[in-house]
1. Against the longest alpha carbon principal axis of the chain, how many degrees, from 0 to 90 and to the nearest 10, is the axis of helix 64-88 turned?
2. If I take every Cα pair under 8 Å that is 6 or more residues apart in the chain, average their sequence separation and divide by the length, what percent do I get for the relative contact order?
3. Cα axis of helix 140-173 to longest principal axis of the chain: angle in degrees, 0 to 90, nearest 10?
4. Could you give the nm distance between label points at residue 131 and residue 119, where each point is 7 Å from its Cα heading toward the beta carbon?
5. Hey, what does the equivalent ellipsoid look like for the range 32-122, semi-axes from the Cα gyration tensor as sqrt of 5 times each eigenvalue, largest first, whole Å?
6. Using only Cα atoms and rounding to the nearest 10 degrees, what angle (0 to 90) does helix 28-53 make with the longest principal axis of the chain?
7. Compute the Kirkwood hydrodynamic radius of the range 106-146, taking the inverse of the mean of 1/r over all pairs of distinct Cα atoms, and give it in Å to one decimal.
8. Quick check: convex hull over the Cα atoms of the range 11-173, volume per residue in Å³, rounded to an integer?
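Computed from the coordinates by the stated procedures, all read-outs in this text should not be read as laboratory data. Small disclaimer: the values here were computed from a predicted structure and weren't measured. Cβ atoms come from the backbone with ideal geometry, glycine included; neighbour counts cover every protein chain shown.
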């Protein structure tokens with residue numbers, strides 16, 4: 001069967017879309033998990049605020065203000081998909097918001113990797129002395145690797161989420177087969 005001008009998704013994507021369509025409705029525990037993730041974003045946000053307001057010396061150079069803004073923008077765009085999933089209880093409804101969040105994540109991480117205005121000797125400074133060991137091990141090299149992986153991941157997931165959103169939306173718009181009328185084929 002030929003489509004009307006649009007390319008057909010791969011077999012793998014079709015299987016993923018079928019699976020996602022069957023599990024589009026979030027269970028209560030999954031919805032609560034979205035709130036836990038929002039809390040995680042808020043903790044990271046507060047950590048950055050402490051670095052900015054003390055100042056600890058973590059943000060360095062002429063690009064410190066732009067770097068702080070990039071981090072705040074990425075955090076701000078990361079929260080809405082979680083809240084949509086929590087309030088609406090549906091995965092696919094949040095995918096357009098995820099798509100929008102990947103753009104600032106991609107651009108922000110690319111910018112941060114290019115200018116890298118961080119002094120990781122001060123990364124753990126906002127923590128109490130007894131907890132600094134939790135972050136003291138993070139090196140500039142490790143942080144650069146994480147940013148690089150994030151850039152690649154953001155680009156890949158932008159495309160993946162777009163294709164998955166369309167495929168799942170199409171499946172969810174079909175009438176659901178009942179026990180009396182099993183799907184044909």
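1. Once rounded, one gets 30 degrees.
2. This gives 28 percent for the chain.
3. 20 degrees
4. Here the answer is 2.3 nm between the modelled labels.
5. Equivalent-ellipsoid dimensions as semi-axes: 28, 15, 8 Å.
6. It works out to around 20 degrees.
7. Computed over Cα pairs of the range 106-146, the Kirkwood hydrodynamic radius comes out at 11.2 Å.
8. 124 Å³
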